[in-house]
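Remarks on the structure that follows.
Every number here is computed from the coordinates shown, using simple stated rules; none is lab data. From a predicted model like this one, the values you see are computed outputs, not experimental measurements. Here Cβ is always computed from backbone atoms with ideal geometry, including for glycine, and neighbour counts include all displayed protein chains.
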Amino acid sequence: MSASSISDIKLDQEKLHQLDDFIDGMSNQKGELISILHKAQEIFGYLPKELQQHIAKKLNIPVSKVYGVVSFYSFFNMEPKGEHPISVCMGTACYVRGAEKVLNEFKKQLNLEVGETTPDGKFSLLSLRCVGACGLAPVVMVGEKVYGHVTPEMVKEIIKEYK
Amino acid sequence: MSKYKMHVLVCGGTGCISSESEKIVKNIQECLIQHKLEEEVQVVQTGCFGFCEKGPIVKVLPDNTFYVQVKPDDAIEIVEEHIVKGRKVDRLLYKDPGSKKAIEDSKHMDFYKKQMRIALRNCGFVNPNNIEEYIARNGYYALGKVLTEMTPEQVIDEIKKSGLRGRGGGGFPTGLKWEFSRKSKSDKKYVVCNADEGDPGAFMDRSILEGDPHSIVEAMAICGYAIGADEGKVYIRAEYPLAIQRLQKAMNDAEEYGFLGDHILGTDFSFHIEIRYGAGAFVCGEETALIHSMEGERGEPTIKPPFPSESGFWGKPTNVNNVETFANIPIILLKGADWFRKIGTKKSPGTKVFALAGKINNVGLIEVPMGTTLREVIFDIGGGIKDGKKFKAVQTGGPSGGCLTEKDLDTPIDFDTLVEKGSMMGSGGMIVMDEDDCMPSVAKFYLEFTEEESCGKCTPCRIGTKRLSELLKKITSGQGTEAHLQELRRLSVVIKETALCGLGQTAPNPVLSTLNNFEEEYIAHVKDHQCPAGQCTALLQYKIDPETCVGCTVCARVCPVNAITGERKKPHSIDQKICIKCGSCYDRCPTHAIEKR
């Protein structure tokens, strides 16, 4: 995490209540940290420092433990994603069918590295491991929409759809 | 299913849904209503047919007509021509790539001829959201038989006799595992289904859960009875929303029908299942890491023993099996261990599901008896290499496996033969590569994966995979030396011998197997600074053939760094010192005058 991204932000109170209700509703909080983080990310979209602190306090565990779990799993994000997250599948099937070239084209077109978001917050670029649609390789996902048999030439058109 | 005269099965696997198969279902249904046929023709959204290459798939029963690459707009034609008038829609039928003839009945397709479906018996056949269709295919019959006619010991004996081995990768005898869990004394035990399919390029477990979730629910309950557990957990990737949704529905329905919950089928046996989400960590496929993750911790493995069968989830005896292993259980108990043993090889009975992908004509999900050769899988079922290219290697076992070559093609596939050849079964990913794939780059791809996925607990894996990956980066970018090759070997052996868990111990396999099978390719990279496959950009040189160049200036205009000069209508040339090897000129030259070497 860069220094700027951990500057204090204010969490939405209503969303916090929603999360607290979820945590309070659990019969046994022991061992539920990952389920709680899934819920928190579902509500907030990502897991900023403040949210991790809140969860630690609520569960009466050290923040280091929460951070340890968040940073261990690739599913959890500590930075907000763009409005249209673009995920290029880098599973083996997609890789051998040219996913790297597709990813490079997205990098070039959006002027982003993997994990970054455009300054206007519109796009973020991610790589993921296998969506299980290997018949369509190489695969790109924009939000929930899946694009199959993607070539570097198609990249411009795909981005255009969301501009 | 009896009141309907015809059934239209539409694939609802992830690949086909991505190609709008849900819209096909909707359009067919609407069209049937227009023709007042909704009472006579049933539209069923099934699990994966396996033939993902040509998805979305639509199959019409009873005549087994197999339509491929169907678009939502084709729905009207299928209904009006095929269903109303009885004329098959020729243009949508699968064409045999050899004879170019349309094949009407899927039974005659090469893709299906050599397959044998046990774990996938219901995938692409039943509606996964309808418990009654599963029951109609003898679903939950094995559970009933086990609970009323067999003791737990008899169940374990039957599984032991069948010779079933764990399909998740290790190939450990399932019956033996169950016996260990049975013998552990405790007030509480757990059954865990490992559905954290992390191997990139593998989608077997996902397809089973999406296509036949009840078989997993049934098998877990049987396992619970056999080992003496009343609670089950399915540890599943959060990235599999469709599988989660269908499994949850299956669990709810099973409970309503009395196949799950308290006093199953009126007996004293109670069993509950809960879903736990993974969060994207490859190492969690290792059973001790998986258990720590289920406890809400970082998914780091611990040294075995103690094995989970003695001390697992919350320190209680826990039996972990993967999805495909469970999918085999009900049918073994129904048809008997002797039936199962007759399939496959002596040491690896039964079948194996493979996710066939890469440079192959028929990408898809297949199931073959153990002992089938790689050649049969790749060339008969898989339809050979794409675009008429030459076969180079097949990678099995994912990041823990290795690359096999031409000389291994006639090897009968089973757990032991693949290990002997320097690879492994793994969970069943099978990636085919052709002459354009560079083997050091493939090794680099896998090592970057394990480097990223190493949990960091033990040094050989944490630092060793990083060093391996750095060496491979050097080799593929033209900075490699022959000493690097020796270092690769030495380090690989050290990691194999000293890493804590399966992930680290097998991580060097992609390096060693490519080094052993394609040593000359590595040498070309480090000695001649050339990439024979033409894939490593840093080692490439683009050159313009003055004979073919017509001086159209296209290349000079597309070059982003102005490395190309030349007068109009005269041969151009590339300044190698400026060229960044982006390939733009190569892609755009209208006369193919630019060579890549």
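The range B:26-89 and the range B:379-413 have Cα centres lying 34 Å from one another.
Applied to the range B:502-514, the Karplus parametrisation 6.51 cos²θ - 1.76 cosθ + 1.60 on θ = phi - 60° returns per-residue 3J(HN,Hα) values of x, 4, x, 4, 9, 4, x, 3, x, 6, 5, 5, 6 Hz, with x for Gly and Pro. Of the residues B:D105, B:D212, A:D120, B:D380, the one with the fewest other Cβ atoms within 10 Å heads the list, and the complete ranking is A:D120, B:D105, B:D380, B:D212. The 3J(HN,Hα) values that the Karplus relation (6.51, -1.76, 1.60; θ = phi - 60°) gives for the range B:380-392 are, in residue order, 7, 6, x, x, x, 7, 5, 6, x, 6, 8, 5, 10 Hz. Gly and Pro appear as x.
Between the C-alpha center of the range A:18-73 and that of the range B:267-339 there is a gap of 25 Å. Computed over the range A:12-72, the Cα gyration tensor eigenvalues convert (square root of 5λ each) into semi-axes of 15, 14, 10 Å, ordered from largest to smallest.
In the neighborhood of B:Y235, defined by Cβ-to-Cβ distances under 9 Å, what is the net charge if each Lys or Arg adds +1 and each Asp or Glu adds -1? Once positives and negatives cancel, what remains is +2. Here is the short version for chain A: A:C130, A:C134 have no other Cys C-beta closer than 4.7 Å. Between the Cα long axis of helix B:174-183 and the first principal axis of chain B there is an angle of about 50°, rounded to the nearest 10. Anything over 22 Å Cα to Cα? Flag those among B:K392/B:K577; A:K122/B:K23; A:K49/B:K457; B:K54/B:K85; B:K160/B:K496; B:K185/B:K304, in the order listed. Among B:K392/B:K577; A:K122/B:K23; A:K49/B:K457; B:K54/B:K85; B:K160/B:K496; B:K185/B:K304, the Cα-Cα distance tops 22 Å for B:K392/B:K577; A:K122/B:K23; A:K49/B:K457; B:K54/B:K85; B:K160/B:K496. Entry note: the protein assembly as shown has Rg to Rh equal to 0.97, where both radii use alpha-carbon atoms and Rh is the Kirkwood radius. If you sort the three axes of the alpha carbon gyration tensor as a ≥ b ≥ c, you get a/c of 1.5 or more for the range B:381-475 and a/b no higher than b/c, which makes it oblate. Indicate the gyration tensor shape class of the range B:6-109 (rounded, prolate or oblate), computed on the Cα atoms with a ≥ b ≥ c the square roots of the eigenvalues: a/c under 1.5 is rounded; otherwise a/b larger than b/c is prolate and the rest oblate. Verdict is oblate for the range B:6-109.
The mean of 1/r over all distinct Cα pairs in chain A, once inverted, gives the Kirkwood hydrodynamic radius of 17.4 Å. Over the residues of the protein assembly as shown, the helix contribution to mean residue ellipticity at 222 nm works out to -10500 deg cm²/dmol, using -39500 (n - 2.57) for each DSSP H run of at least 4. Proximity of backbone amide H atoms, modeled 1.01 Å from N, is registered between B:T65 and B:V60 at under 5 Å, excluding neighbours fewer than 5 places apart on the same chain.
A Förster distance of 30 Å, applied to the separation of the beta-carbon atoms of B:E40 and B:N138, puts the FRET efficiency at 0.70. Amide H to amide H, with H built 1.01 Å from N, A:F123 comes under 5 Å of A:E83, A:H84, A:T118, counting only residues 5 or more places away or on other chains. Simple rule: put +1 on each Lys or Arg Cβ and -1 on each Asp or Glu Cβ in chain B, find the dipole, and look at B:I463, B:V155, B:G296; the Cα lying farthest toward the positive end is B:I463. Cross-link pairs exceeding 31 Å between alpha carbons, from the set A:K145/B:K316; A:K15/B:K26; A:K156/B:K95; B:K100/B:K389; B:K389/B:K527: A:K145/B:K316; A:K15/B:K26; A:K156/B:K95. On full extension, the segment bounded by B:T148 and B:T302 gains 51.6 nm, given 0.36 nm per residue less the C-alpha separation. Name the residues of the range B:63-93 whose amide N is less than 20 Å from a point 7 angstrom out from the Cα of A:M154 along the C-beta direction? Hits in the range B:63-93 for A:M154 at 20 Å: B:68-74. Leaving out same-chain residues fewer than 8 places away, which aspartates and glutamates sit with a Cα under 14 Å from that of B:K183? Hits, sequence-local ones excluded: B:E153, B:D157, B:E310. Normalised by residue count, chain B yields a Cα convex hull volume of 170 Å³ per residue. For the pair B:R467 and A:K57, label points projected 7 Å from Cα toward Cβ lie 4.6 nm apart. In order along the range B:429-446, the phi-based Karplus estimate (6.51 cos²θ - 1.76 cosθ + 1.60, θ = phi - 60°) of 3J(HN,Hα) comes to x, 9, 10, 8, 10, 10, 4, 7, 8, 8, 5, x, 5, 5, 4, 4, 4, 5 Hz; Gly and Pro are listed as x.
When you restrict to C-alpha pairs under 8 Å that are six or more residues apart and normalise by the size of the range A:1-117, the relative contact order lands at 21 percent. Across the alpha-carbon set of the range B:541-596, the Rg to Rh ratio works out to 0.89, Rh being the Kirkwood radius.
Between the alpha-carbon centres of the range A:119-139 and the range B:126-177 there is a gap of 37 Å.
Per residue, the average separation of C-alpha pairs within less than 8 Å and at least 6 apart gives chain B a relative contact order of 11 percent.
A P(r) calculated from all alpha carbon pairs of the range B:439-526, with 10 Å bins opening at zero, reads 20, 56, 22, 2 percent. What is the percent of Cα-Cα separations in the range A:84-161 that go past 19 Å? Value for the range A:84-161: 24 percent of Cα pairs lie more than 19 Å apart.
Taking the charge dipole of chain B about its Cα centre, with +1 at Lys and Arg Cβ atoms and -1 at Asp and Glu Cβ atoms, the residue from B:I17, B:T548, B:V394 reaching farthest to the positive side is B:T548.
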